[in-house]
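Notes for the one structure printed next.
The values are calculated or read from the model by the stated rules, or taken from the named source; none is laboratory data. As the structure is a computational prediction, the values presented were derived from the model and not from experiment. For neighbour counting, all protein chains shown are included, and Cβ atoms are generated from backbone atoms with ideal geometry for every residue, glycine included. SASA here: full protein model, heavy atoms, side chains in, ligands and nucleic acids out. Shrake-Rupley method; radii C 1.70, N 1.55, O 1.52, S 1.80 Å.
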Amino acid sequence: MPGSTRACVMNRSERRRPRAMVLAAALIAVLVLLALFGPEASPYSYSALDWAHLSIPPGLTAEHWLGTDSLGRDLYVRTVYGLRLSLIIGVLATAVSVLIGVAWGTLAGWVGGRLDAWMMRVVDVLYALPYLFIVLILAALFGRGNLAVLLLAIGAVGWLTLARVVRAQTLSLKRREFIEAARAAGLSGPQVLWRHVLPNLAGSIAVYATLMVPQMIVYESFLSFLGLGVEPPRASLGSLINAGARQMLTAPWLLLVPAGVLIVLLLSFNILGDGLRDVLDPTRR
Amino acid sequence: MLGYALRRIAGIVPVLLILLTVSFFVIRLAPGGPFASGRALPARTRAELERLYGLNRPLLVQYGDYLRALAHGNLGPSYSMRDETVAGLIASGLPVSAALGLAALALAVLSGVPLGVRAALRRDGALDRSLAVFAALTLALPSFVTGPLLALAFGLWLRWLPVAGWQPDTPRDLILPAVTLALPLSASIARLMRASLLEVLGASYIRTARARGLGRARVLWRHALRPALVPVVSYLGPAATYLVTGSLVVETVFELPGTGRYLVQGAIDRDYTLVMGMVLVYGTLTLLANLAADLIHAWLDPRVRHEPL
Amino acid sequence: MSSIQPDGECGAEQRERLLGIEELRVRFPGAGRAAVDGVSLSVRRGECLGVVGESGAGKSLTFLAALGLLPEGAEVSGRVRLGPQEVLGLSERALDRIRGRRVGVIFQDPMSSLTPHLTIGAQLAEPIARHSGLGRRAARARAQALLERVQLPDAARSMRQYPHELSGGMRQRAMIAIALACEPELLIADEPTTALDVTLQAQILALLAQFKREQRMGLVLITHDFGAVAGVADRLAVMRAGEVIESGPVAAVLKHPGEPYTRELLRAAGEPPAAQPPRAAGADGAAPVLSVEGLEVRFRYAAGLFRRRSWRALEAVTLTLGAGQSLGVVGESGCGKTTLTRAALRLIRAERGQVLWLGQNPAQLSARRIRRLRRDLQLIFQDPLGSLDPHLSVEQLVSEPLEIHQSGLSAAQRRERVHAMLARVGLEAALYARRAHELSGGQCQRVGIARAMILAPRLLVCDEPLSALDVRAQRQIRLLLAELSAEQGASLLFVSHDLALVRHLCERALVLYLGRMVELGPTDALFARPLHPYTRELIEAIALPDPDLQPARLAKVRLGEPRRLEQPGGCAFRMRCAHATAVCAERIPPWVSAGQGRWVACHHFSDWADDMLSG
């Protein structure tokens, strides 16, 4: 039986993490640049139809190097455009989640008592529900193709985990002696919160936010895949994959290209987030 | 232990009731109605239909009626698929969805736990390192990506397995969907299992057990495995939630006649009773799964039983 | 006398030798220095070897390595013989025939060292069944007999209980029972009393001494506490930085230490209290710095879905502390001493009673006024690391009180004050930019002291500030606290489980038991003639690093774990008291003056007080 001390728990791939982290960050930077400038830098528009080139596989013509779909739309432009939309939605939805989650979690953890019990009961109940299902129903009922509703609906899913994490950390910080030391030193409640609690939460919030972006992108793609997200001719990675999956018999590149971009995007964010967690979040060590 | 279980079961009922109540009113708040969308019905027919289903009465009365019917086990008729009852639709779809979910869960647990244990015991071995890659990949891949990709690879290119569809009594139809659904779950479980077993193996009570000369196998099975399983079991709650949502995608991708399709279509069609029925079914399922996870947790760790709720 | 003595290799000695460790080295991959560097030790049958040193000296590692219990990856070389058999390099399977059967081990923290999900009975019967081949039923019967031998009050019930359901002392007894399950030839006790209260420490040590005598087994006592060694050990080895620097018979080493390091350790452990440093006396008639009257604190906890219960952590505590005075508060864990500090500073809510700060009642002041008053009432914490915000540097930590309470200072003035204070507590400038986790425990505690003293408070409340530190750091911090508080004329409220420490620092001492005051008086008088049986028990439990006195003192310690208090009411101490009578169960003893500034709460104290106070 191999015994182990905590210091030895890291395995070799974990020790190699810094390099992987840098690579992931670089890939994210490239994808963000593509999303920012890619669509405008191309001669084509995401919605322009080219009847002369229908369902061209990648690499066949110089004009459409990644090929076209069955309506002759340029796959490269559609993919970077979808990437842009997915990224925007992912980041904004994460912002919504982080705002709600941090506010909810610190309030519950800091005030404690009945308010805490009540607020966490709400989270528990929502947690036990197939929450994405409810978002799905909401999206179907109110917001087919409506980006603002979509954003709110997705953002409303992610805050639960963050609220739990932040609350647990606030609680454990509150019990730490340095918080008591701050109160004994004559700091007021808000001062303690601002000077000693929030700075110590910042690391884990950053980590969870990084890990949440890919999750939000998945949720958006998920809704778009089910036809509840962005509506054609606009495209997100999810709706592109949906369209591609329907034609994978005849034009597999329509599935493989956007799926590949999504995989690289999600993988990079996950690796970066996990790496950040090891660096920043002392509670996970 | 029994008291704990009973208290927890009793806690489900109010949650379910709240869920149903909120859903009931939210669905009706949405613009449109079951007979307004899409189909151009003559106004008279529409009014007639609404009167028939009691949709013209005050909301609170409708709510009371619905609960009363529910108490008698009556989920009502479907508005969009006439001639069908909600109960009938669920009865036809649920076996498919349940088979898919259970198969995926079994697959994930039966592969994830041994993988994780093995990786922890041979840290840095080949298996451990491939597990890290496998986990990173599958966790980054949503099932609506893996599904089509697997179908492309195994169904269309290799032609080993059927790509879509469902015939009763042909388990082969279930393999690809179940694997698609199980992959990320299996990776999560393996990762959790590895991390928690490593942590437990580093605990002082494991050193004590070894100092008693109990032998490798006994220390692992009797002293280490049970506490190491705790995080895995706690994860089964969220896992159930994942399975429920994931099955929706997988059923769409592989065109399985499960219950998943009723939810989205029901919501789009404003089929109030059908959506309520789906909320009831899936809500109960996830709540029960969370409950089961908590009960197993309490059994694994005697300290939990004494904690007040 | 004090040099390393080679063990006799002649025939009789050879046969008697149980464990022989020669030139043992342990190195962890990536570490520069060997953690254990050429250690040679031996233990004979029926003998106790004490191994003493500060944390990180390699004491535990030496014996873990000998038993093959080190973490994976450690490189071990040397020779370890159990009787004639070479142990190092044995297979796991062969080691399993030694561990638990021929060698038993007791670890430091009984809570984390027992498997949480198995009952005590199951964990105890396990090695018995494995090593002796007894059936389940016979193994359980023997397990229960063992629990009775280690004096667990209700052995049959404890068999069915889980570790978390037992008290700390009961857990350590269960741990000993498990180690002794197969009547090992050698018992290795790794800091067996460190996590326990003083009275329990004495009981556990006495129990170990008894088993050593009765079973003629070898005993290795690994500890940082010279007092523990003095009472039990026959021979002594002092370790530092992975090496044995001195060894020999206990009496010889303790009385005539050869190495300067040993002398330093011994001085830190057994220094007789010096005369109290002169303190700046407060002006007559000035209001006391702190006065507490009839304080009661209750903690609430949920006892079910809707029921809430509470237990009394502190009850009817009254005390005053004048300017420049020092008061020690002692008692075992759970006696309410920490609660008292928090309630006195209004960091937790008191159920009843009144607190006055410098003559003012904070209950009648605004929150802002209370915060301003806090600059005169500072607190030093038990956990030196945990009481410092991990994301702030040393300089920022010490500067914060100034930012809050003296916001008029310029940044340069502030920096100057902070640097002066840091230099005063003995921290080098190179450390100012570091964060708490980059400092040693002693350095952290110095930062805590600097933070508390920079505003020159009128009252310094110390909550076990030394218990997390090594012996030498304890002494340094103790001296620093005494100097600084005397220098600034601050009153001192010093909370500790360690009576000897209070004797060093405080003029008066207050003894608490289960939240109630049991005795108060001048420290010297209280030590010389304790009036309450509990105070006496505490004093008798102090482990003196004196090999002539300590074995006899230890022999007098009662071994039994007290039964839990079944019925409330009456004197809380009666379950442990040899003098308890019917009246103790009926009425709570009143808090009465015994003259000469002494107070006590005991129905029977006059039975022995008269002749003691007169004699």
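Yes or no, residue by residue, for (1) open to solvent by less than 50 Å² (accessible area, probe 1.4 Å); (2) under 23 Å from C:PRO589 (Cβ atoms); (3) part of a helix (DSSP H, G or I):
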residue: C:VAL461; (1), (2), (3): yes, no, no
residue: C:LEU466; (1), (2), (3): yes, no, no
residue: C:LEU481; (1), (2), (3): yes, no, yes
residue: C:LEU493; (1), (2), (3): yes, no, no
residue: C:ALA500; (1), (2), (3): yes, no, yes
residue: C:VAL511; (1), (2), (3): yes, yes, no
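Based on what the data block shows, is A:GLY227 surrounded by fewer than 20 Cβ atoms within 10 Å (Cβ to Cβ), at pLDDT below 80 and either in contact with a Pro (Cβ under 7 Å, 6 or more places away or on another chain) or more than 14 Å from chain C (Cβ to nearest Cβ) (or both)? For A:GLY227, the condition - surrounded by fewer than 20 Cβ atoms within 10 Å (Cβ to Cβ), at pLDDT below 80 and either in contact with a Pro (Cβ under 7 Å, 6 or more places away or on another chain) or more than 14 Å from chain C (Cβ to nearest Cβ) (or both) - is met.
Residues are listed down the side, and each one gets a yes or a no for (1) in contact with a helix residue (DSSP H, G or I) (Cβ under 7 Å, 6 or more places away or on another chain); (2) open to solvent by less than 10 Å² (accessible area, probe 1.4 Å); (3) in a helix (DSSP H, G or I):
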position: B:VAL250; (1), (2), (3): yes, yes, yes
position: B:GLU255; (1), (2), (3): no, no, no
position: B:VAL264; (1), (2), (3): yes, no, yes
position: B:ALA267; (1), (2), (3): yes, yes, yes
position: B:ARG270; (1), (2), (3): no, no, no
position: B:VAL279; (1), (2), (3): yes, no, yes
position: B:ALA289; (1), (2), (3): yes, no, yes
position: B:ALA293; (1), (2), (3): yes, yes, yes
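Exactly one residue out of C:ALA578, C:ALA609, C:ALA525, C:ALA594 is at pLDDT below 85 and in contact with a strand residue (DSSP E or B) (Cβ under 7 Å, 6 or more places away or on another chain): that is C:ALA609.
Counting only strands (runs of 3 or more DSSP E) that sit wholly inside segment C:16-102, those with at least 1 residues that are under 24 Å from C:LEU205 (Cβ atoms) and open to solvent by less than 10 Å² (accessible area, probe 1.4 Å) are C:17-27, C:36-44, C:48-52. The number of residues in segment C:165-175 that are among the hydrophobic types (A, V, I, L, M, F, W, C) and at pLDDT below 90 comes to 2.
Here is a list of conditions, (1) in contact with a Gly (Cβ under 8 Å, 6 or more places away or on another chain); (2) under 13 Å from B:ASP271 (Cβ atoms), and B:ILE27 meets all of them except one; can you say which number that is? Condition (1) is where B:ILE27 drops out. Does B:ARG222 fit the bill of being in contact with a strand residue (DSSP E or B) (Cβ under 8 Å, 6 or more places away or on another chain), free of Cβ contacts under 8 Å to residues at least 40 places away in the same chain and within 14 Å of chain C (Cβ to nearest Cβ)? Considered against the rule, which asks whether it is in contact with a strand residue (DSSP E or B) (Cβ under 8 Å, 6 or more places away or on another chain), free of Cβ contacts under 8 Å to residues at least 40 places away in the same chain and within 14 Å of chain C (Cβ to nearest Cβ), B:ARG222 comes out as no. Meeting the requirement of 3 or more residues that are open to solvent by 50 Å² or more (accessible area, probe 1.4 Å), within 27 Å of A:PHE269 (Cβ to Cβ) and in contact with a Phe, Trp or Tyr (Cβ under 8 Å, 6 or more places away or on another chain), no helices (runs of 4 or more DSSP H) wholly within segment B:63-151 can be named. On inspection, A:GLY203 qualifies as within 11 Å of chain C (Cβ to nearest Cβ), at pLDDT below 85 and either surrounded by fewer than 22 Cβ atoms within 10 Å (Cβ to Cβ) or part of a helix (DSSP H, G or I) (or both). The one condition from (1) without any contact (Cβ under 8 Å) to a residue 12 or more places away in the chain; (2) at the interface with another protein chain (Cβ under 8 Å from one of its Cβ atoms); (3) open to solvent by 20 Å² or more (accessible area, probe 1.4 Å) that B:TYR205 does not meet is (1).
From the list A:ARG175, A:ARG164, A:ARG183, which residue is more than 14 Å from chain B (Cβ to nearest Cβ), surrounded by 17 or more Cβ atoms within 10 Å (Cβ to Cβ) and of a type outside the set (A, V, I, L, M)? Steps first, answer last, please.
Working: A:ARG175 fails: surrounded by 17 or more Cβ atoms within 10 Å (Cβ to Cβ); A:ARG164 fails: more than 14 Å from chain B (Cβ to nearest Cβ).
Exactly one residue qualifies, and that residue is A:ARG183.
Number of residues in segment A:238-257 that are more than 9 Å from chain B (Cβ to nearest Cβ) and buried (at least 24 other Cβ atoms within 10 Å of the Cβ): the value is 3. Listed by first and then second residue, the pairs linking a residue in segment C:366-387 that is at the interface with chain A (Cβ under 7 Å from one of its Cβ atoms) to a residue that is open to solvent by 20 Å² or more (accessible area, probe 1.4 Å) and in a helix (DSSP H, G or I), with Cβ atoms under 6 Å apart and 6 or more places separating them unless they lie on different chains, are C:ARG375/C:HIS405; C:PHE381/A:GLU177; C:ASP383/A:GLU177; C:GLY386/A:GLU177; C:SER387/A:GLU177. Restricting segment C:388-406 to residues that are over 29 Å from the mean Cα position of the chain (by Cα) and more than 12 Å from chain A (Cβ to nearest Cβ), the residue that is surrounded by the fewest Cβ atoms within 10 Å (Cβ to Cβ) is C:SER393. You will find that of B:PHE35, B:PHE25, the residue that is surrounded by 14 or more Cβ atoms within 10 Å (Cβ to Cβ) and free of Cβ contacts under 8 Å to residues at least 60 places away in the same chain is B:PHE35 and no other.
State all residues of segment C:103-150 that are surrounded by fewer than 22 Cβ atoms within 10 Å (Cβ to Cβ), modelled with pLDDT of 90 or more, within 12 Å of chain B (Cβ to nearest Cβ) and in a helix (DSSP H, G or I); if no residue qualifies, say none. Across segment C:103-150, the qualifying residue is only C:ALA122.
Each residue in segment C:354-365 was checked for being within 13 Å of another protein chain (Cβ to nearest Cβ), surrounded by 17 or more Cβ atoms within 10 Å (Cβ to Cβ) and aliphatic (A, V, I, L, M), and 0 pass. Within segment C:189-204, the set of residues being open to solvent by less than 10 Å² (accessible area, probe 1.4 Å) and in contact (Cβ under 8 Å) with a residue 40 or more places away in the chain comprises C:ALA189, C:PRO192, C:THR199, C:ALA202.
Selection of segment C:147-181 for residues being hydroxyl-bearing (Ser, Thr, Tyr) and within 22 Å of the chain's Cα centre (by Cα) yields only C:SER167. Filtering B:THR284, B:THR241, B:THR245, B:THR259 for residues that are open to solvent by 10 Å² or more (accessible area, probe 1.4 Å), β-branched (Val, Ile, Thr), in contact with a helix residue (DSSP H, G or I) (Cβ under 7 Å, 6 or more places away or on another chain) and more than 9 Å from every other protein chain (Cβ to nearest Cβ) leaves a single hit, B:THR284.
Of all residues in segment B:137-155, those that are more than 7 Å from chain A (Cβ to nearest Cβ) have Cβ atoms under 6 Å from Cβ atoms of residues that are at pLDDT below 80 and surrounded by fewer than 19 Cβ atoms within 10 Å (Cβ to Cβ), 6 or more apart or on another chain, in B:PHE154/B:TRP160; B:PHE154/B:LEU161; B:GLY155/B:LEU161.
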